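Notes to accompany the following structure.
The values are calculated or read from the model by the stated rules, or taken from the named source; none is laboratory data. A quick note: this is a predicted structure, and the numbers were derived from the prediction, not measured. Here Cβ is always computed from backbone atoms with ideal geometry, including for glycine, and neighbour counts include all displayed protein chains. Ligands, DNA and RNA are stripped out before the accessible areas are found, and what is left, the full protein with its side chains, is counted by its heavy atoms. Shrake-Rupley method; radii C 1.70, N 1.55, O 1.52, S 1.80 Å.
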Amino acid sequence: MFDHLLAPLDLGFTTLKNRVLMGSMHTGLEDGRRNLPRLAAFFAERARGGVGLIVTGGFAPNIEGWAKPFAGTLSTSAAARRHREVTGAVHAEGGRIALQILHTGRYGYQPFCVAPSRLKSPISPFAPRELGARGIERQVRAFVRCAVLAREAGYDGVEIMGSEGYFINQFLAAHTNHRTDAWGGSYANRMRLAVEIVRRVREAAGPDFILIYRISLIDLIPEGSSWPEVLQLARAVVGAGATVLNTGIGWHEARIPTIATSVPRAAFTWLTRKLRDALRAEGIATPVVASNRINMPEVAEAILARGDADLVSLARPFLADAEFVNKAAQGRRDEINTCIACNQACLDHTFANRLSSCLVNPRACHETELVIRPAATTRRYAVVGAGPAGLAAAVTLAERGHAVELFDAATRIGGQFNMAKAIPGKEEFEETLRYFGHRLAALGVTLHLSTRADAPRLAAGGFDAVILATGVVPRDPRIPGQEHPQVLSYVDVLQHRKPVGRRVAIVGAGGIGVDVAEYLAAGADHGHPSPALDAEAWRREWGVADPETARGGIARPRPAPPARAVVLLQRRSGKHGATLGKTTGWIHRAALRMKAVELIAGANYERIGAGRASGTVALALSFGPDRRDGTVLEVDTIVLCTGQESLRDLHAPLGAAGVPVHLIGGARAAGELDAKRAIDQGTRLAATL
């Protein structure tokens, strides 16, 4: 089924066993020598899973290139010797691994950062020091030394990070390079650093060493590279000795999403095809790698079959499932635990200085401490609630050999995920339910749907313990008049699909309120197509242009008009969606702006009643601690998104009956819906029972 994906690739001096590259991602395991055994286990599991070539998270070539203080660095022979634990573990599993050399430049979150010009980035509080000519030479030598040490450490190659707005990319773009010497001005001067690093690394590391250059195909910032400049750089780095051209999309400071779940699958491979075709027309056969939002084998196969690329880079999909390649090769596609690009446990953790993991696979980066072992004694467990927490617990218990019965009052598994997947841009959530559904069947879990489990039945069932994953119910805000028939809960809207009028007030601007606002403003309830499922519509909505016609690849966004007028209210002052993840919250707020959603903060909800106009409902508001300056909103529908409360009515009676009970997920702690916490709790509890 995946002939192109699984075909070997001859690089001349070595052959990769397939066309799958595990792309670089910073997990936090790179930082500190104490983590190297865990990093070795993490990569060994992916090598065992069949990936053709692994690229590590970024390692700085010197202190000035640190992503943060004491970030992962490879600059001494002693460090190289320690890295042999990592490379040895990968090679023992038949894998190949390259070390990414990452110099962050002005993106460094540390006071020693350097850059071509003294221009502070919007994502770091530290202004960089502008390098002189001798300082630039020192950085080049650091790259070369790092590559030589990587070879000494047993790595099969290196990737030189030249994209995403990092140090080398900062020299390339006029946006960040304001120099007038031999390292600035003309593009030939601005690309000099990249070419010099590649040339000298190749000379020092030798001809039989994989050298990947990560090239930015589209910067998505003002004064970014033009397409002729991208081609000029590609020719030059290939001529300087690059074995493979990996592709990067967008700078980290760009205001266009590139890897979030709302980005269509394979949204940028048209650019990889554009580069590959141009090089082939000139007789340059260097392999080109496609990246970004490639999360299933059929997506990767189609990219390769079309000739968009020679390899595909998957990063976060290998957090979600280390066995991705093996499962594809063995015809087990439906068993793949798919990356849903939520960013909640990977990138959000990285930016919070926490160890990365994966929402759908909490074992990622925790392989040495979250081990799923066969149970010494098999037991019978009941799991009540087939949302994310219950599904994770049931599957993990069954994997360990326990007999499991899973109960849910709904007609299908998924719980709150069935509402989440209805939101435009969150369609990927269905993949998680597909995965869990397949695992339940394969493991022989007894599934009782449309069954409301009660305490007497569970107590009489002979179970060794009951796990309550019963989730949450909407919190009652107790607004006078909220029983009005034109007042709905988010469950009414997303699950029961009750009709909503043209003018809507949404009470509550947490994650659910923001989701409902996007859902209604986009007209998803009326069948309006989601841009996440149409790459051309998505590019038009966000203003992504061809870099051949628009420098940096940015144009004026042209979103579809809103389907209805929406007002999003919150009690707290400050920005809406403040509890959303750092790497996705700004995307949701931008989407609300594009749909002209009116945002009101600091509101007190006084009462609800009939509006003055026929068929409307009125919401009376006040502001400030003195509750003065009242405002009345007249709309067609009010939707309540005012939080959740734990549903644990079975807890006390089961305890009274002497049945051991465990609470997980929303039943244990309500608040904002948190699938990351739910799946983690379900998995960890089941691993210990």
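So here's what we get for this one:
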item	result
Sequence-distant lysines (8 or more away, or on other chains) whose Cα lies within less than 17 Å of Lys327	Lys17
Computed over the stretch 396-449, Kirkwood Rh from alpha-carbon pairs, angstrom	12.1 Å
Mean separation of Cα contacts under 8 Å, 6 or more apart, over the residue count of the stretch 192-251: relative contact order %	51 percent
Interchain or long-range residues, amide H under 5 Å from Ala290's placed H	Asp310, Leu311, Val312, Ser313
Dipole magnitude of the stretch 374-486 about its Cα centre (Cβ charges: Lys, Arg +1; Asp, Glu -1), debye to nearest 20	160 debye
Whole-Å distance, taken between Cα centres, linking the stretch 322-340 and the stretch 212-235	33 Å
Alpha-carbon centroids, the stretch 548-605 and the stretch 1-63: separation in whole Å	37 Å
Relative packing of peptides 31-39, 390-398 - highest average C-beta neighbours within 10 Å first	390-398, 31-39
Relative contact order, percent, the chain [alpha-carbon distance under 8 Å, six or more residues apart]	12 percent
Cut-off under 5 Å, modelled amide H: who pairs with Gln644 long-range	Arg475, Gly671
Rounded tilt (10° steps) of 227-240 against the dominant C-alpha axis of the chain	50 degrees
On Cα atoms only, tilt of 133-152 relative to the major axis of the chain in degrees	80 degrees
Over 23 Å (Cα to Cα) - which of Lys421/Lys498; Lys68/Lys582; Lys421/Lys575; Lys68/Lys120; Lys120/Lys426; Lys498/Lys582 fall in this group	Lys421/Lys575; Lys120/Lys426; Lys498/Lys582
Cα gyration tensor, the stretch 400-546 - rounded (a/c under 1.5), prolate or oblate	oblate
Solvent-accessible area per residue for the chain (1.4 angstrom probe, square angstrom)	37 Å²
Between helix 429-443 and the chain: long-axis angle, C-alpha atoms, 0 to 90°, nearest 10	80 degrees
The chain, accessible surface, carbon-and-sulfur percent (1.4 angstrom probe)	52 percent
Relative contact order (percent, whole number), the stretch 119-258, Cα cutoff 8 Å, 6+ residue spacing	27 percent
The chain - mean residue ellipticity at 222 nm from DSSP helices (-39,500 (n - 2.57) per run, n ≥ 4, rounded to 500)	-9000 deg cm²/dmol
Most positive-pole-ward Cα, Ile259, Ile284, Phe318, against dipole of the stretch 223-330 from beta carbon charges	Ile259
Within the stretch 65-172: Cβ-based charge dipole about Cα centre, in debye rounded to nearest 20 (Lys, Arg +1; Asp, Glu -1)	420 debye
Peptides 264-270, 6-12, 313-319, 594-600 ordered by average Cβ neighbours within 10 Å, highest first	313-319, 264-270, 594-600, 6-12
Three-way shape label, the stretch 551-689, alpha-carbon gyration tensor, a/c 1.5	oblate
Cα centre as origin, Lys/Arg/Asp/Glu Cβ charges: the chain dipole, Debye	1060 debye
